[in-house]
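**Student:** Quick one: the structure is below, questions incoming.
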Protein chains: 2
Amino acid sequence: MKINKELVGASTALLILGVIAKSPSYGYQIVKRINTEAQDLFEWQEGTVYPVLHKLEKDGLIRSQWQTADTGRRRKYYYITSRGQEALADYSVQWTEFNNLVVRITEVQYA
Amino acid sequence: MKINKELVGASTALLILGVIAKSPSYGYQIVKRINTEAQDLFEWQEGTVYPVLHKLEKDGLIRSQWQTADTGRRRKYYYITSRGQEALADYSVQWTEFNNLVVRITEVQYA
DNA sequence: TGACATACTTAGAAGTTCCATGTATATTAT
DNA sequence: ATAATATACATGGAACTTCTAAGTATGTCA
């Protein structure tokens with residue numbers, strides 16, 4: 001299995017897929033959700049996320065649908081596709097293996 | 001703690017620092033070492049690693065020294081600096097936290 | 001009505017990594 | 001002997017991502 005070349009950079013995509021897989025969401029919500037979970041670890045900007053959403057949609061891993069909230073505000077909801085679910089499962093495995101490698105290489109050796 | 005903006009992209013640096021921290025190495029050796037450990041997960045190209053080594057040295061996280069092997073071949077050995085050790089410890093923590101986030105977000109929910 | 005939060009979008013800059021290629025030398029195979 | 005391969009370092013330019021910044025629009029609340 002040759003890992004996806006962009007795997008690591010694709011952690012953004014991985015997180016987005018993870019969020020949408022649990023529940024369809026729209027961009028702004030995803031940004032808030034991840035930033036809350038990330039605490040002080042990092043902070044996504046909207047300008048980072050929207051292009052990734054567009055790319056994921058172009059690649060057929062998610063699809064979108066405009067909806068109007070009760071408030072009257074328009075939101076573009078994203079849904080994961082079956083290809084997206086496959087990709088998510090795939091990326092998760094790759095991520096885990098990659099993490100194992102990082103841990104193995106960087107961990108301190110104890111006699 | 002604001003995570004290093006390049007953390008994820010910095011996984012390359014993290015792995016390199018991890019290798020050198022255990023034992024001073026030269027570029028070609030690092031590439032072979034990581035590629036062996038990475039199995040089929042990915043494969044670093046030399047052209048990917050040398051620029052990172054140069055950047056790490058410029059940032060003072062590693063230092064280099066030319067040595068001539070018994071074979072007569074010249075190698076540029078890299079040593080981790082104290083600042084490099086601090087960075088390695090720091091990045092490791094950040095990586096762990098980041099991984100925890102990824103796992104939390106992407107893991108399947110069981111009732 | 002003014003300030004703020006919500007919500008999406010894109011342009012341009014900056015930064016990384018990849019691919020390809022180049023140079024040089026030692027080792028191994030023919 | 002010499003050809004092929006492995007070792008070893010290096011860099012230019014392409015390709016790709018992400019970031020910053022800005023823009024547009026609308027709903028909510030003081």
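Where a number appears in this text, it was derived from the coordinates with a stated rule and is not lab data. As the structure is a computational prediction, the values presented were derived from the model and not from experiment. Reconstructed Cβ throughout: ideal geometry from the backbone, glycine too, with neighbour counts over all protein chains shown.
**Student:** For residue B:58 and residue A:67, FRET efficiency with R0 = 45 Å and r from the beta-carbon atoms, rounded to 0.05? Provide the component values of the computation, followed by the final result.
**Tutor:** Numbers: r = 50 Å, r/R0 = 1.11.
Calculated value: 0.35.
**Student:** Between residue A:40 and residue A:90, what is the label-point separation in nm under the 7 Å Cα-to-beta-carbon projection?
**Tutor:** Inter-label distance under the simple model: 3.9 nm.
**Student:** Once both axes come from the Cα atoms, what is the angle between helix B:82-106 and the longest principal axis of chain B, in degrees from 0 to 90, rounded to 10?
**Tutor:** 30 degrees
**Student:** Taking beta carbons within 10 Å but only from partner chains, what does the mean come to for residues B:34-46?
**Tutor:** Values: counts 2, 0, 0, 4, 5, 4, 4, 9, 11, 3, 0, 0, 0.
Mean number of neighbouring Cβ atoms from other chains: 3.
**Student:** How large, in Å, is the protein assembly as shown by the Kirkwood hydrodynamic radius built from its alpha-carbon pairs?
**Tutor:** Values: mean 1/r = 0.0521 Å⁻¹.
Kirkwood hydrodynamic radius for the protein assembly as shown: 19.2 Å.
**Student:** Once you've got the GNM for chain A with C-alpha springs shorter than 10 Å, pick whichever of A:83, A:73, A:33 has the biggest mean-square fluctuation.
**Tutor:** Highest fluctuation among the options: A:73.
**Student:** Using the beta-carbon distance between residue A:108 and residue B:107 and R0 = 30 Å, what value does 1/(1 + (r/R0)^6) give for FRET efficiency, to the nearest 0.05?
**Tutor:** Details: r = 27 Å, r/R0 = 0.90.
Plugging the Cβ-Cβ distance into 1/(1 + (r/R0)^6) gives 0.65.
**Student:** Would you kindly work out, in nm and rounded to one decimal, the distances from the label point of residue A:22 to those of the same position in each other copy, ordered shortest first, with label points 7 Å along Cα-to-Cβ?
**Tutor:** List, nearest first: 3.4 nm.
**Student:** Then there's this: Using a 7 Å offset from Cα along the direction of the beta-carbon, what are the separations from residue A:45 to the same position in each other copy, nm, ascending?
**Tutor:** List, nearest first: 2.9 nm.
**Student:** Quick one: label points 7 angstrom along Cα→Cβ at residue B:70, distances to the other copies in nm, smallest first?
**Tutor:** 7.8
**Student:** At what distance in nm do the modelled label points of residue A:79 and residue B:23 sit from each other, each positioned 7 Å from its Cα along Cα→Cβ?
**Tutor:** Output for this residue pair reads 5.5 nm.
**Student:** On to the next question. Cut-off is 10 Å between beta-carbons; in what order do B:16, A:30 appear when sorted fewest neighbours first?
**Tutor:** Numbers: B:16 29, A:30 21.
Fewest-to-most Cβ neighbours within 10 Å comes out as A:30, B:16.
**Student:** Given that compact globular proteins tend to follow 2.2 N^0.38 Å, what is the ratio of the alpha-carbon Rg of the stretch A:11-106 to that value? It would help to have the intermediate numbers written out before the result.
**Tutor:** On the way: Rg = 14.6 Å, N = 96, 2.2 N^0.38 = 12.5 Å.
With N residues counted in the stretch A:11-106, Rg over 2.2 N^0.38 Å equals 1.17.
**Student:** Over 23 Å between Cα atoms, which of A:55/B:32; A:55/A:76; A:55/B:55; A:32/B:55; A:58/B:55 qualify? If you can, show how the numbers build up before the last one.
**Tutor:** Details: A:55/B:32 33 Å; A:55/A:76 15 Å; A:55/B:55 30 Å; A:32/B:55 34 Å; A:58/B:55 35 Å.
Going by Cα-Cα distance, A:55/B:32; A:55/B:55; A:32/B:55; A:58/B:55 fall outside the 23 Å limit.
**Student:** Still on this structure: Quick one: angle between helix B:11-22 and the longest Cα principal axis of chain B, in degrees between 0 and 90, rounded to 10, please.
**Tutor:** Value to nearest ten degrees: 60.
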